[in-house]
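One structure is given here, and the rest of the page talks about it.
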Amino acid sequence: PHIWILNQWYAWKGKNLSDKVIASSTIGLEKNISSSLLSLSACIFFLISLHLTNSMVKSLETVFIFSFCTLAFSTISRGLWQHSGSILLLSLTLYGFLSEKKQWIILSALPLFFSYVVRPTNLLPIVFFSLIAIYRLKLKSVFFLGQGILVLSIFFYMNFSLFGSMVHPYYDFRKVSG
């Protein structure tokens, strides 16, 4: 949505966004997108905290600590790195798992497994949440895992067709030299 809005703005001013992107740095746009993702994450953290504490004050304190007493808005929001998307997707997953309704837990598989696409080091939360889903959902965990298999299959297929490997060469541990 950021690119579309920016493109509309430039079109309204009679300019072309692609000329602007080619002619200059995209740092401002990256900061905007990253800050927006972290702002959404802060909203999700507020909902999680409100669900757990039932206290508006404690929830606002939690969001304040997350936003301004961690690296979230001081460092992570300064560039479009993997962290901001990862935090948003994992916080959405946690919010889904806090629900008592099994369909929300099943739906939380989408942001959880997509978090691997955003940042492959999210494999540990995927294993952790998948074990919890298997325990809580019993037979319905097939639907949870099926969504994950679908997301990861598309991701691995795209990587294989583009790079000839299941993961991007950047994450290939065999190429790390010591």
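Some notes on this structure:
- Projecting the Cα atoms of 64, 96, 116 onto the charge dipole of the chain, computed from C-beta unit charges around the Cα centre, puts 96 farthest toward the positive end.
- Stretched out straight at 0.36 nm per residue, the stretch from residue 160 to residue 70 would grow longer than its current Cα-Cα span by 28.7 nm.
- Here the relative contact order of the range 64-178, from alpha carbon pairs under 8 Å that lie six or more residues apart, stands at 19 percent.
- Rg over Rh for the chain works out to 1.03, using Cα positions for both radii and the Kirkwood form for Rh.
- In a reduced charge model with +1 at each Lys and Arg Cβ and -1 at each Asp and Glu Cβ, the range 20-178 shows a dipole moment near 200 debye about its Cα centre.
- The simple spin-label model puts a point 7 Å past each Cα toward its Cβ; for residue 136 and residue 58 those points are separated by 1.9 nm.
- Taking label positions 7 Å along the Cα-Cβ direction at both residue 153 and residue 123, the computed distance is 2.1 nm, reported to one decimal.
- Working note: Cα gyration tensor of the range 77-178, eigenvalues times five, square-rooted, sorted largest first, giving semi-axes of 26, 16, 12 Å.
- Lys pairs, the chain - Cα-Cα below 14 angstrom, 8 or more residues apart or on other chains: 4
Computed from the coordinates by the stated procedures, all read-outs in this text should not be read as laboratory data. Only a predicted model underlies this, so the values are computations on that prediction, with no experimental measurement involved. Note that each Cβ is placed from the backbone with ideal geometry, even for glycine, and that neighbours are counted across all protein chains shown.
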